[in-house]
Amino acid sequence: MRSILTSALLIALMLFPTAAGSLLAEDQAGARTPGFIVGADVSFLRELESKGIVFTDGGVAEPGLQILREHGYNWVRLRIMNEPTPLPNTLAYTLAEAKAAKALGFRLLLDFHYSDNWADPGHEATPKAWAKLSHDELVKAVFRFSKDTMTAFREQGTMPDMVQVGNEITSGMLWPDGKLPERWDQFAELLTAGVRGVEAGKGRMARPVIMIHIDQGGNIETTEWFFDHLIVNRVPFDVIGQSYYPWWQGSLEDLRKNLAFMANRYKKPIVLAETAYDWHKGEEFGSKKQEFAETPEGQRDFLAAVARVVRETPGGLGMGLFWWEPMAEGEIEKRGMFDEKHSALPVIDVLDPSAAVPKR
């Protein structure tokens with residue numbers, strides 16, 4: 001089976017050459033995605049500031065987006081869900097966030113969850129409104145939702161620069177219809193419908209770069225299994241997205257090896273769509289060895305090291321990274337870039353305005 005899949009992959013790669021060459025050429029010309037992506041997922045930010053939370057940097061109160069911009073952040077990532085409860089990430093909410101970000105000069109990665117709640121490898125629930133649809137009806141619903149969303153962004157003048165079709169979809173999406181590994185054919189049709197919807201919604205504008213995002217930053221075996229199948233099933237995409245949290249996805253060396261593997265095998269740009277580290281002690285690591293202290297200084301050193309590893313990806317295919325997420329409360333507050341008083345932590349200074357990574 002492995003040899004059959006490998007042969008099919010080689011044929012598919014010859015038939016559908018990578019978009020990496022043209023994408024990176026656009027990078028160098030400054031037309032689409034200039035420089036290294038220094039990104040942050042700010043999907044909670046608008047909700048927090050609407051509650052009266054004020055973020056400060058060096059004792060000075062400023063809007064959260066402004067603080068990030070002043071520290072060299074050039075991209076934001078925003079998630080969108082179908083009918084989220086109690087999460088805020090509706091179309092109207094996300095449009096408002098996008099408008100504020102674009103006004104400050106940020107580029108935008110839009111993250112489709114295709115769910116009413118969190119979508120990740122353990123939770124890829126079909127939206128309630130789609131629960132009774134047949135597979136063919138689901139394909140049409142994904143296309144329509146993607147198209148309508150993109151149309152709304154285009155008409156507002158905040159067209160995304162990159163779009164994730166699905167969030168951490170290692171186990172498929174829209175369960176049970178597109179669950180992996182059982183239903184690769186159906187999953188591929190759903191995913192392709194999302195890509196087609198993005199294309200249809202762009203109108204006459206340039207199509208956003210398409211990212212496919214999984215959660216296997218340090219795992220070569222699962223990465224190979226997923227993307228080989230994806231290519232054999234002829235799902236069109238431009239960029240590989242990975243999540244990298246060291247308590248789940250391995251060591252920094254594991255990440256380095258997988259970045260090299262992906263660059264050499266698929267010849268496509270790679271982005272860490274999610275990464276983060278705790279600034280005070282949590283329970284994620286358990287008895288696992290930690291490469292960095294769970295302190296503000298350890299968090300700073302982690303980001304510097306991860307950014308360096310991404311930059312060193314063979315062929316210059318390490319496009320950048322997104323922190324998930326810098327402004328948050330509750331359980332994930334310890335992974336943010338601000339302390340319990342909403343004051344900026346040392347990690348905010350790691351990437352300067354020219355995106356240079358300081359030596360550790």
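The values are calculated or read from the model by the stated rules, or taken from the named source; none is laboratory data. What you see is a predicted model; the values in this text were computed from it and never measured. Glycine gets a Cβ as well: all are built from the backbone with ideal geometry, and neighbour counts include every protein chain shown.
Scoring A273 on the criteria (1) assigned to a helix (DSSP H, G or I); (2) among the small types (G, A, S); (3) under 21 Å from E168 (Cα atoms) leaves a single failure, condition (1). Under the condition of being more than 20 Å from the chain's Cα centre (by Cα) and not polar (S, T, N, Q), the residues counted in segment 106-142 number 14. Return yes when I231 is of a type in the set (V, I, T), surrounded by 20 or more Cβ atoms within 10 Å (Cβ to Cβ) and either at negative phi or out of contact with any His (no Cβ under 8 Å at 6 or more places or on another chain) (or both) and no when it is not. Spelling it out, I231 is indeed of a type in the set (V, I, T), surrounded by 20 or more Cβ atoms within 10 Å (Cβ to Cβ) and either at negative phi or out of contact with any His (no Cβ under 8 Å at 6 or more places or on another chain) (or both). Pairs meeting the criteria (first residue in segment 333-354 and farther than 22 Å from L48 by Cβ, second residue of a type in the set (V, I, T) and at pLDDT 95 or above, beta carbons under 6 Å, at least 6 apart or on different chains) are L351/V38. Is it the case that segment 225-244 has a residue that's among the basic types (K, R) and either within 27 Å of H123 (Cα to Cα) or outside any helix (DSSP H, G or I) (or both)? Yes, the conditions are met somewhere in segment 225-244. From the list L65, L87, L95, the lone residue that is outside any helix (DSSP H, G or I) and within 21 Å of the chain's Cα centre (by Cα) is L87. Would segment 52-60 turn up any residue that is crowded, with 24+ Cβ neighbours inside 10 Å and more than 22 Å from L321 (Cβ to Cβ)? No; the residues of segment 52-60 include none that is crowded, with 24+ Cβ neighbours inside 10 Å and more than 22 Å from L321 (Cβ to Cβ).
The C-beta contact set for segment 134-146 (first residue closer than 11 Å to Q186 by Cα, second residue surrounded by fewer than 22 Cβ atoms within 10 Å (Cβ to Cβ) and among the hydroxyl-bearing types (S, T, Y), distance under 8 angstrom, 6+ apart or interchain) comprises L138/T126. The residue pairs whose first member lies in segment 38-51 and is within 15 Å of T90 (Cα to Cα), whose second member is in a helix (DSSP H, G or I) and of a type in the set (D, E), and whose beta carbons are closer than 9 Å, counting only pairs six or more residues apart or on different chains, are V42/E97; S43/E97; L45/E97; R46/E97. Scanning segment 131-169 for residues that are buried (at least 20 other Cβ atoms within 10 Å of the Cβ) and in a helix (DSSP H, G or I) yields L138, V139, A141, V142, F143, F145, S146, T149, M150, F153, I169.
Criterion first (more than 29 Å from E221 (Cβ to Cβ), more than 18 Å from the chain's Cα centre (by Cα) and crowded, with 18+ Cβ neighbours inside 10 Å) does F302 satisfy it? If you could, list the steps in order and put the result at the bottom.
On the way: more than 29 Å from E221 (Cβ to Cβ): no; more than 18 Å from the chain's Cα centre (by Cα): yes; crowded, with 18+ Cβ neighbours inside 10 Å: yes.
It is false that F302 is more than 29 Å from E221 (Cβ to Cβ), more than 18 Å from the chain's Cα centre (by Cα) and crowded, with 18+ Cβ neighbours inside 10 Å.
What tally of residues in segment 289-319 results from selecting those that are under 19 Å from D215 (Cα atoms) and assigned to a loop (DSSP other than H, G, I, E, B)? Counting residues in segment 289-319 that are under 19 Å from D215 (Cα atoms) and assigned to a loop (DSSP other than H, G, I, E, B) gives 2.
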